[in-house]
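Working notes, beginning with the structure itself.
Nothing in this text is a laboratory measurement; each read-out follows from the coordinates by a stated rule. Quick caveat: nothing in here was measured; it's all calculated off a predicted structure. Cβ atoms come from the backbone with ideal geometry, glycine included; neighbour counts cover every protein chain shown.
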Amino acid sequence: MRIIVAGGDGFCGWPTALYLSKQGHDVTIVDNLARRKIDDELHSNSVTPIASLEDRVAKWKEVSGKEIKTFIGDLNHYDFLSEVFRQVEPQAFVHFAEQRSAPYSMIDREHAVYTQTNNVMGNLNVLYAIKEFAPECHLIKLGTMGEYGTPNIDIEEGYIEIEHKGRKDVLPYPKQPGSFYHLSKVHDSHNIMFACKIWGIRATDLNQGIVYGLHTEETKLDPVLANRVDYDGVFGTALNRFINQAAIGHNITVYGSGGQTRAFLNIEDTVRCVEIAAENPADKGEFRVFNQFTEWFSVQELAERVQKVAKEEGLETQVKQIENPRIENEDHYYNAVNTKLRDLGLEPHLLTDDVIRDILRTALEHKDRIIVENVLPSITWK
Ligand code: NAD
């Protein structure tokens with residue numbers, strides 16, 4: 001299958017591009033390298049040293065014999081995107097290419113506007129490009145479990161049956177996102193649903209949980225293929241961030257009471273979920289939603305698990321509750337459905353102590369790269 005991986009230079013996109021290429025798909029990466037520029041803006045970095053995209057794909061060719069084509073450019077430049085569609089004629093478009101940090105979107109007006117313009121308009125351009133150049137192309141769009149927020153009822157997969165004044169309907173599940181970034185994803189979902197309805201586009205919205213880990217079988221083949229890992233207060237996500245704090249002997253910092261419960265999955269499952277979606281395309285005009293996670297944990301629970309594994313590795317760290325920079329429920333109900341990907345064959349890699357140990361050992365290997373001032377939150381929601 002001819003597959004475009006937009007955002008293929010990023011944390012989820014790079015291992016996905018390698019994995020799909022290994023499975024024999026004809027993979028093309030589209031990326032504007034914005035994430036690398038944001039590292040410069042924030043004076044931050046990936047824990048693992050990452051090679052340039054050019055060197056990455058050259059090394060992949062050397063170790064696998066397979067070619068991944070690259071287009072460096074922005075989804076918001078429609079002329080560029082049109083040319084990519086004309087040349088590649090994609091059968092699937094995997095869309096990771098968005099600004100994905102909630103704190104980054106909350107820095108100030110400028111960053112909120114950038115996030116929503118980049119994400120919502122970029123996605124709208126992709127929808128138009130599919131309509132214009134590749135109407136059969138299956139859009140596989142990365143959404144987030146954060147679109148749903150934390151309602152006091154079970155979270156369904158995209159839709160919920162409602163009975164109201166004696167009548168019934170199946171409606172989009174209510175969305176209560178917690179940042180301007182998460183809102184951009186909700187806006188995307190609405191635009192995709194509408195485009196499916198009016199133009200007959202086929203789309204799958206993957207409402208992904210928080211991704212942890214870094215290695216996949218393919219990224220481990222050579223240091224030049226290494227994946228990026230974020231640990232800072234802006235882009236570092238819970239678990240990866242806790243593990244990196246433990247690696248440098250920093251307190252593991254939990255926001256507020258730590259009762260916030262979130263859905264998680266291993267990066268090795270991200271790549272497989274995308275493959276499953278690609279191999280089982282949505283029907284024409286169908287807007288399909290999969291909840292892409294394997295387990296959920298409270299952040300306090302995760303912090304304690306990291307502390308335990310770190311101790312076994314000879315590292316003493318404390319779990320410390322700090323003032324919550326976000327505005328969110330710290331004590332809430334959480335029960336989310338995730339059966340659709342499992343039904344299509346996903347076999348989860350669950351979070352074991354060995355998985356935590358493996359990420360910790362990688363962090364320890366590169367701990368000199370960790371910029372200590374960056375591990376605490378610097379952005380508040382107020
Ligand atoms: P990332 O920032 O590491 O990668 C995103 C990539 O997209 C970067 O390489 C960036 O340069 C590129 N990009 C951004 N805007 C672009 C544009 N306009 N044109 C072209 N390229 C552009 O992020 P990630 O962690 O790999 O996340 C990928 C996707 O998965 C995002 O959409 C994110 O919202 C979603 N997601 C991620 C997580 C997670 O835990 N990492 C969880 C849920 C959902």
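Of the residues that sit in segment 221-273 and are in contact with a Pro (Cβ under 9 Å, 6 or more places away or on another chain) and hydroxyl-bearing (Ser, Thr, Tyr), which one is nearest to LEU350 (Cα to Cα)? Restricting to residues being in contact with a Pro (Cβ under 9 Å, 6 or more places away or on another chain) and hydroxyl-bearing (Ser, Thr, Tyr), the top hit is THR270. All told, ASN45 meets the bar of being within 23 Å of ILE359 (Cα to Cα) and either touching a Gly at 6+ places or on another chain (Cβ under 6 Å) or more than 8 Å from the ligand (Cβ to nearest atom) (or both).
Kindly indicate the residue of segment 198-225 that is in contact with a helix residue (DSSP H, G or I) (Cβ under 6 Å, 6 or more places away or on another chain) and in a loop (DSSP other than H, G, I, E, B) and also nearest to the ligand (Cβ to nearest atom) among those meeting that condition. Give the steps one after another, and end with the answer.
Our first condition is that a residue be in contact with a helix residue (DSSP H, G or I) (Cβ under 6 Å, 6 or more places away or on another chain); within segment 198-225, this holds for 199, 201, 203-205, 207, 209, 211-213, 216, 218-219, 221-222, 224-225.
Add one more test, that the residue is in a loop (DSSP other than H, G, I, E, B), and what stays is 201, 209, 213, 216, 218, 222.
Numbers: ILE201: 18, GLY209: 6, GLY213: 10, THR216: 13, GLU218: 15, ASP222: 20 Å.
The qualifying residue nearest to the ligand (Cβ to nearest atom) is GLY209.
Of all residues in segment 179-197, those satisfying the criterion of being more than 13 Å from the ligand (Cβ to nearest atom) and either over 18 Å from ALA97 (Cβ atoms) or part of a loop (DSSP other than H, G, I, E, B) (or both) are HIS190, MET193, PHE194, CYS196, LYS197.
In the set (1) acidic (Asp, Glu); (2) surrounded by fewer than 22 Cβ atoms within 10 Å (Cβ to Cβ); (3) within 21 Å of ASP283 (Cβ to Cβ); (4) in contact (Cβ under 8 Å) with a residue 12 or more places away in the chain, the condition left unmet by ASP205 is number (2).
Strands (runs of 3 or more DSSP E) fully within segment 1-98 that include at least 2 residues being over 25 Å from ASP188 (Cα atoms): none found.
Residue by residue, here is whether (1) crowded, with 18+ Cβ neighbours inside 10 Å; (2) over 27 Å from ARG241 (Cβ atoms); (3) within 9 Å of the ligand (Cβ to nearest atom) holds:
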{"residue": "ILE4", "(1), (2), (3)": "yes, yes, no"}
{"residue": "CYS12", "(1), (2), (3)": "yes, no, yes"}
{"residue": "ARG56", "(1), (2), (3)": "yes, no, no"}
{"residue": "GLU89", "(1), (2), (3)": "no, yes, no"}
{"residue": "GLN99", "(1), (2), (3)": "yes, no, yes"}
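Only one of the numbered conditions (1) surrounded by fewer than 23 Cβ atoms within 10 Å (Cβ to Cβ); (2) among the aliphatic types (A, V, I, L, M); (3) in contact with a His (Cβ under 9 Å, 6 or more places away or on another chain) is not met by VAL224, and that is (3).
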